[in-house]
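Take a look at the structure set out below.
Where a number appears in this text, it was derived from the coordinates with a stated rule and is not lab data. For clarity, every value in this text was computed on a predicted model and none was experimentally measured. Counting neighbours? That spans all protein chains shown, and the Cβs are built from the backbone with ideal geometry, glycine included.
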Amino acid sequence: MQKLQGIAVSPGVVIGEAFVMDTEGYRVPRRFLARNAVDEELQRLERAFAAAAQEIEGHRDAVARELGQQYGAIFEAHLQMLRDAKLRAEVEQSIRERHYAPEYAVCRTLRRYAKVFQSLESGPMAERATDIFDIEKRLLRHLLGRRREGIAHLTSPSLILAHNLTPSETANLDRKYVRGFVTEMGGAGSHTAIVAEALEIPAVVGTGLFLSEITGGERVIIDGDQGLVIIQPDDETLNHYVRMVERRRTHALELETFRELPAETTDGVRIQLHGNIEFPHEVQHCLDRGADGIGLYRTEFLYLGAETEPDEEAQYQAYAGVAQAMSGRPVVIRTLDLGADKLTASQADTERNPFLGLRSIRLSLRNLPIFRTQLRAILRASVLGDVQVMFPLVSTMLELRQAKMVLADVMEDLEEHGLPFRRDVKVGMMVEVPSVVIMMDHFVEEVDFLSIGTNDLIQYALAVDRSNKDVSGLYTASDPSVLRLIEMAMQSSRQRQTPVNLCGQMSGSPTYTMLLLGLGLRQLSVTPAALPEIKRVIRSVTISQCEAVASRALTLENARDIKSYLKEELKKVLPDGGR
Amino acid sequence: MSEPRVVKTVVVTNPQGLHARPADMFVKLATRFESKVEIVKGHERVDGKSILGILTLAAAEGTTLSIEAAGPDAQAALDALVALVEHDFAENENIH
């Protein structure tokens, strides 16, 4: 049994079979050979080694030609590793004696070496593990050829264990069979986290390196509440988790009874409780739990899931489907919020500081054709329901005005072409940059609604990259400065009675519900899975009770005190602490 | 048949230790000889013709190693390999 601690990013517990992705994101099949296939498979291995060696020689010669002999020599050691007679003998032995398929034999043998190198704490030796993974990758590419299996082609329920998942990998995975995620890299708010949440499956990220030790097929428990991953659990642990899974099923059934009941406090104040979605199919998750609307429809995965940029029609279909399914209830569509963590690695790498870089509305305003296409699609869908447009990451008044101008321009365009749309479509913006909170009195004059995005607001207020494992501990919604920013935003919004929503992970945690209501929020937008639980808290409190909690919390000076105070108060109204 | 078997102790003196390129050079030289070559560091013993084996020793600057050679050309192999280590793998010439 092996226990790993990572960052819990999507709640729930699941027990299942490990599906390990190789360094390039492909599955290594754990396959055994028939006795009479051994010779043939050894030949296949021989060819793979030869092809891989040829590749490296090619690189070496090309580099030597361009940069000089001494640079080409860098590849010599790499080549030497590939040609290591002992390595080859070990791989061949496990094929001959244990009847492992060559892919599996290569993977096991090389990972054993990688593990040794990784254990050599410091210096250039530890980096040799990278060389080993590179050799593994090359050999597997030749061995598997076209037979590589991606997670888009799962055939049975699996827990995905990977070093890291690219946005397109997560977006294209086969939803029918993925039951949980573990990634060595990443932090809260990474795209893996968002997708896992959207799929309502448990996920743990940022566990650190461990994949070199497992090969797939092992029994694994993912505890998405505690951020724990348990590989090959012992009987006691397994039984414990089996019982937990059972209890949760019962609890989920209990919560279903809240579905038809309004999100109303005991003193009769109706709270608008909306769902956050990423994929159109999640509308059903929201409807099943009685959501009052879609408070945040993220549109990024339309772009990331596709090979090419989605055209207007594809976008229109997605937006129209959601608008129709919600039959008149509000649907807030956020324009493209791509950038930083969600971009492909190569693009993100070119920015030294992607979270402060060209992302989101900034990216849209620089790529007007893409932006206009999206706005056209949203506007066309607006006649099908209460569709609203929201701009993300606005940081200055000028940006907001520019975005609104593009919108007005697109409206004119649609009018000229005689295409129907709602001219009175509501236009709002996200509040996620502290500058906006400070200048809020100006912003409220120009928008129909605001939505506080706590994930980014926290990261910008505290200067913490939530995906950086070394500092993610500083990232917390309980920080007093975050509370004050929300309070300031609420105060300014009263000037014109601008409706304020709060999305972001903070709104989906029962710990903060009383605080948020006490600060004046009357609309929350949460991940669909959290709808019943948050509704249960709302239905157990009075506004004056919440206001008392908020004013007390605002006097506290550090995140730890605030969090434990809020948890205590929640326990007073719900003895199980909101589960 | 008893083959000649020779041993000599050396200290790794190049600043980066026995990293990838020195290890590569060591293996390249060792494989020119017919004799079996082994490197011993403390309780660990690895094949001197296996770069992966050598790298797992993680022999940093200042590490004492025994080089053992056994076979028909054992003495020649040992002399050549000891010289390579003692001359810091002549790395400086390679780089500049």
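Observations on the model:
- Taking the helices alone, the protein assembly as shown has a mean residue ellipticity at 222 nm of -14000 deg cm²/dmol, built from -39,500 (n - 2.57) per DSSP H run of at least 4 residues and averaged over all its residues.
- In a reduced charge model with +1 at each Lys and Arg Cβ and -1 at each Asp and Glu Cβ, the stretch A:481-576 shows a dipole moment near 200 debye about its Cα centre.
- Amide hydrogen proximity for A:VAL13: with H placed 1.01 Å from N in the peptide plane, the residues at 5 or more positions away or on another chain lying under 5 Å are A:GLY224.
- Dipole of chain A [Lys/Arg +1, Asp/Glu -1 at C-beta], most positive-end residue of A:ALA381, A:LEU228, A:LEU79: A:LEU228
- When only Cα pairs below 8 angstrom with a gap of at least 6 residues are kept, the stretch A:353-448 shows a relative contact order of 33 percent.
- 10 Å-binned pair-distance histogram of the stretch A:1-115 (Cα, whole percent): 11, 31, 28, 18, 10, 1
- Charge dipole magnitude, Cβ of K and R +1, D and E -1 - the protein assembly as shown, Cα centre, debye nearest 20: 1180 debye
- Check: the stretch B:8-48 dipole with +1 on Lys, Arg Cβ and -1 on Asp, Glu Cβ, in debye: 100 debye
- Using alpha-carbon coordinates, inclination of helix A:128-144 to the longest axis of chain A, degrees: 80 degrees
- Normalising the average separation of contacting C-alpha pairs (under 8 angstrom, six or more residues apart) by the number of residues puts the relative contact order of chain A at 14 percent.
- Rounded to 10°, Cα long-axis angle of helix B:74-86 versus longest principal axis of chain B: 10 degrees
- Mean separation of Cα contacts under 8 Å, 6 or more apart, over the residue count of the stretch A:440-492: relative contact order %: 34 percent
- Residue pairs, from the table A:LYS115/B:LYS49; A:LYS137/B:LYS36; A:LYS115/B:LYS41; A:LYS426/A:LYS567, whose Cα atoms sit over 26 Å apart: A:LYS137/B:LYS36; A:LYS426/A:LYS567
- Residue with peak Gaussian network fluctuation, chain B [Cα springs, cutoff 10 Å], from B:GLU44, B:GLU86, B:GLU68: B:GLU44
- Between the stretch A:446-496 and the stretch A:370-428, the alpha-carbon center distance in angstrom: 26 Å
- Listed by chain and number, the aspartates and glutamates placed with their C-alpha closer than 17 angstrom to that of B:LYS8 are B:GLU38, B:GLU44, B:ASP47, B:GLU68, B:ASP73, B:ASP79, B:GLU86, B:ASP88; residues fewer than eight positions away on the same chain are left out.
- Distances between placed amide hydrogens fall under 5 Å for A:GLY504 paired with A:THR454, all partners being 5 or more residues away or on another chain.
- Scalar couplings 3J(HN,Hα) for the stretch B:37-47, obtained by applying the Karplus form with A = 6.51, B = -1.76, C = 1.60 to θ = phi - 60°, are 10, 10, 10, 10, 10, x, 8, 8, 9, 10, 6 Hz; x denotes Gly and Pro.
- Label-to-label distance, B:ASP79 versus A:LYS572, with points set 7 angstrom from Cα along the beta-carbon direction: 9.0 nm.
- Cα→Cβ-extended label distance, 7 Å offset, between A:GLN232 and A:ARG366, nm: 4.9 nm
- Residues with amide H under 5 Å from that of A:GLY180, placed H, sequence gap 5 or more: A:ILE160
- Taking the C-alpha atoms only, the angle from helix B:20-30 to the longest principal axis of chain B is near 20 degrees.
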